[in-house]
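Single-structure report; data block below.
Taken together, the values in this text are just the output of simple stated rules run on the coordinates, not laboratory data. The structure displayed is predicted, hence computed values, not measured ones. Glycine gets a Cβ as well: all are built from the backbone with ideal geometry, and neighbour counts include every protein chain shown.
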Amino acid sequence: MSDAEMITILVLFHSNTFRNFKHFYLFYVCRELKEEFPHLLSYTRFVERMPRVAIPLLLFLKLALMGECTGITFIDSTRIPVCENKREYSNRVFKGYAHKGKSTMGWYYGFKLHLLCNERGELLNFALTKANVDDRNPEVFNNLTKDLFGKLYADKGYISQSLFASLFDRGVHIVTGIRTNMKNRLMEVYDKIMLRKRSIIETINDMLKNVAQIVHTRHRSVSNFIVNLLAGMAAYAFYDTKPSINMEFEMEGEAEMKQLTLF
């Protein structure tokens with residue numbers, strides 16, 4: 001069985017309604033897709049060979065499935081727990097890899113997935129770090145935004161003067177909200193509207209978790225965890241319906257608001 005066939009099956013699983021890969025492989029792939037995959041492996045052998053497709057899957061995702069920067073980019077991070085909090089110290093699979101971190105949902109043990117998307121809902125870049133890595137970590141942030149231009153919309157967790165300066169030098173203007181203890185500042189109406197549209201990337205995070213199933217606590221190896229994550233993001237790239245922003249409507253709304261301010 002070729003690596004391409006294995007990748008196809010993995011991406012198909014994350015595009016399907018099955019919640020368990022073993023059931024999907026045994027009761028759907030092995031029964032219904034024999035003609036499409038004439039050299040099927042046993043389930044055990046397939047799982048054993050999954051780590052070998054991690055690099056090809058990563059290259060496929062990075063080189064073929066990422067969207068293009070349009071000058072409007074949204075950034076966010078989401079938690080990727082690998083076990084329940086009470087099992088943190090007994091978890092041996094991710095010992096030395098995962099870490100304890102805190103999000104708006106509370107403490108968890110695992111990783112953090114950093115994502116970039118455009119207004120069409122296409123993923124532009126991603127990075128996986130330990131859960132305790134700050135969203136504003138210079139190394140992670142510079143790697144994520146190295147190919148961007150235009151404006152980058154982020155939440156209050158990305159407020160940093162040094163971050164703003166480094167991005168501005170590269171032609172990227174990061175726009176964030178303000179904290180309650182900060183002074184008010186002038187902001188273009190267009191930027192205010194786009195900040196309200198940050199829900200697009202939060203919707204993508206929700207789809208990756210609840211539809212593409214990139215999060216579960218049944219992993220038996222780090223490599224298979226990585227393959228599951230990559231396959232889920234690859235499956236999302238093939239979804240016919242993605243969250244998006246109607247830019248023509250937003251531009252018309254901005255023009256009307258500007259017109260009202262003249263009178």
DSSP beta bridges in the chain: the antiparallel percent, rounded to 5, is 75 percent
What does the C-alpha gyration tensor say about the overall shape of the stretch 1-146? Classify as rounded when a/c is under 1.5, otherwise prolate if a/b is larger than b/c, or oblate.
oblate
Over the stretch 68-216, what is the percentage of antiparallel beta bridges among all DSSP beta bridges, to the nearest 5?
75 percent
Lys, Arg +1 and Asp, Glu -1 on Cβ, resulting dipole of the chain about Cα centre, debye, nearest 20
1380 debye
Residues of type lysines that K192 reaches as a straight line, Cα spacing below 25 Å, ignoring anything fewer than 8 places off in the same chain:
K146, K151, K156, K183, K242, K258
Expected vector for the stretch 48-54, Karplus 3J(HN,Hα) from phi with 6.51, -1.76, 1.60 and θ = phi - 60°, integer Hz, x for Gly and Pro, equals 5, 8, 4, x, 6, 9, 4
Among V172, T73, F141, whose Cα sits farthest toward the positive end of the charge dipole of the chain (+1 at Cβ of Lys/Arg, -1 at Cβ of Asp/Glu, about the Cα centre)?
F141
Quick one: net charge of E5's neighbours, Cβ under 14 Å, K/R +1, D/E -1?
+1
Might you report the magnitude of the Cβ-based charge dipole of the stretch 1-126 about its Cα centre, with Lys and Arg at +1 and Asp and Glu at -1, to the nearest 20 debye?
780 debye
Sequence-distant or interchain residues sharing an amide H contact under 5 Å with L123, placed H: which?
G67
Based on the mean of other Cβ atoms within 10 Å per residue, sort peptides 111-123, 139-151 so the most packed one is first.
111-123, 139-151
How large is ³J(HN,Hα) for each residue in the stretch 26-36, as worked out from phi by the Karplus curve 6.51 cos²θ - 1.76 cosθ + 1.60 (θ = phi - 60°), to whole Hz, x for Gly and Pro?
6, 9, 10, 5, 5, 9, 9, 10, 5, 5, 6
Using packing as a proxy for protection, rank 72-83, 93-104 so that the peptide with the highest average count of other Cβ atoms within 10 Å comes first.
72-83, 93-104
